[in-house]
Amino acid sequence: MVIKKSIIKGICRFARVFGLLMVGFILLFFVGESIGGESQNLEKLTTQEILLFIGMIAMVVGLIVGWFRPGIGGLCTLDGFILFLVVELIYPPHNFDVWILMAFPIIGLLNIFCWWQSRKTVLD
């Protein structure tokens, strides 16, 4: 199946812009939590919270890297999401009801698609 280059470029632009919006959205939460609430001491965090934080950082870094290296960024985003999901499923209570996080694997897969299509056009 052949996909037009203009459609591929549109998908890549969508992935980049939506990824940028997600990074901004997450940064708003980080700023809001650091300004409005009690300051969290890293020594007080549970293992679950540390692993969830690592997963979230991996997803955000993947979105940023996806601007320059879509393949690596997409893999990093997917790895962070898988870590986040596994931690949520292992540790009780199982309250994975944050539907907005489903945007991360979608953007990660779109970045991998863009990398694959750019690689495919170079090989042709």
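Just so you know, all these numbers are worked out from the coordinates, no wet-lab data involved. In this text, all values refer to a predicted model and were calculated from it rather than measured experimentally. Glycine gets a Cβ as well: all are built from the backbone with ideal geometry, and neighbour counts include every protein chain shown.
Shape index of region 5-123: Rg/Rh, with Rg the Cα radius of gyration and Rh the Kirkwood radius from the inverse mean 1/r over Cα pairs, equals 1.05.
Projected label points at F18 and S34, each 7 Å from Cα along the beta carbon direction, are separated by 2.8 nanometres. Peptides 21-34, 76-89 ranked from most to least packed, by the mean per-residue count of other Cβ atoms within 10 Å: 76-89, 21-34.
Taking 7 Å steps out from each Cα toward its Cβ at I54 and I7 produces label points 4.0 nm apart. Maximal additional length on extending the F25-E43 stretch stands at 3.9 nm, based on 0.36 nm per residue less the C-alpha distance.
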